[in-house]
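This report concerns only the one structure given below.
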Amino acid sequence: MSNSLGAIARFVGPDELMTAIGRLRGMGFTELEAYSPFPIHGIDKALGRSRSKLAWVVLAGGLLGAGLGYFVQWYLSVVEYPIIVGGKPLDSREAWVPITFEITILFSAFAAIGGMFAFNKLPRLHHPVFDAPEFASATNDGFFLTVSGNDAKFDPQSTLRFLLDSGGHDVTILDLED
């Protein structure tokens, strides 16, 4: 059941935020998101996040680039324009290493950028949490935790109470529908 509502709370610091995440996860909440002005060590594990799949996307892009770069050079040198230069064989693999390497790096970079945009659902010009009171301080000194309405344990009143009991301030219900 999809619920467009969600709850957001502000916390004093990273320790309080991590404690609140631990309490809510212990109560069975799974759809949590944290916002912080700087990276917090261990927050991904606390939120129950698995490792990013971006590395596999970058690897696939690099392998595709290497294969494509090598194939194009082979095709042009051996099949399309078979010209012997300086007595070298048509299939001169050593000469193709720099181009193959550069194309590998280029495709890996494109895959990293494209994967990052796709996994982060970008470009997204507006997110509903921007409407929360005090959320503008998230890039300065604010530590926020949201609970999605899609969470099986989400109930507006009890979730607000859990967030308040966990040390949250400025606890409000948000409409998370885009």
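Observations, loosely collected:
- Among the numbered conditions (1) free of Cβ contacts under 8 Å to residues at least 24 places away in the same chain; (2) outside any helix (DSSP H, G or I); (3) of a type in the set (A, V, I, L, M), the only one that residue 113 does not meet is (2).
- Of the residues screened, residue 78 is one that is in contact with an Asp or Glu (Cβ under 6 Å, 6 or more places away or on another chain), free of Cβ contacts under 8 Å to residues at least 24 places away in the same chain and not hydroxyl-bearing (Ser, Thr, Tyr).
- Index of the failed condition, residue 92 passing every other in (1) in the same structural domain as residue 154 (by TED's automatic domain parsing); (2) at pLDDT below 95; (3) not aliphatic (A, V, I, L, M): (1)
- Within segment 43-95, the set of residues being in a loop (DSSP other than H, G, I, E, B), more than 30 Å from residue 145 (Cα to Cα) and hydrophobic (A, V, I, L, M, F, W, C) comprises 83, 84, 85, 90.
- Count - residues of segment 7-42 that are touching a residue at least 24 places away in the same chain (Cβ under 8 Å) and part of a helix (DSSP H, G or I): 10
- Inter-residue pairs, beta-carbon under 7 Å, first closer than 7 Å to residue 108 by Cα and in segment 58-72, second among the hydroxyl-bearing types (Ser, Thr, Tyr), 6+ apart: 58/108; 61/108; 62/104; 62/108
- Qualifying residues in segment 145-170 (those that are acidic (Asp, Glu) and either outside any loop (DSSP other than H, G, I, E, B) or within 27 Å of the chain's Cα centre (by Cα) (or both)) - the one farthest from residue 130 (Cα to Cα): 165
- Within segment 124-158, if we keep just the residues that are charged (D, E, K, R) and out of contact with any Asp or Glu (no Cβ under 7 Å at 6 or more places or on another chain), the residue that is surrounded by the fewest Cβ atoms within 10 Å (Cβ to Cβ) turns out to be 124.
- Taken over segment 159-178, residues that are under 12 Å from residue 23 (Cα atoms) and surrounded by fewer than 16 Cβ atoms within 10 Å (Cβ to Cβ) amount to 2.
The values are calculated or read from the model by the stated rules, or taken from the named source; none is laboratory data. What you are looking at is a predicted structure, and each value in this text was computed from that prediction instead of being measured. Cβ: placed from backbone, ideal geometry, glycine included. Neighbour counts: every protein chain shown.
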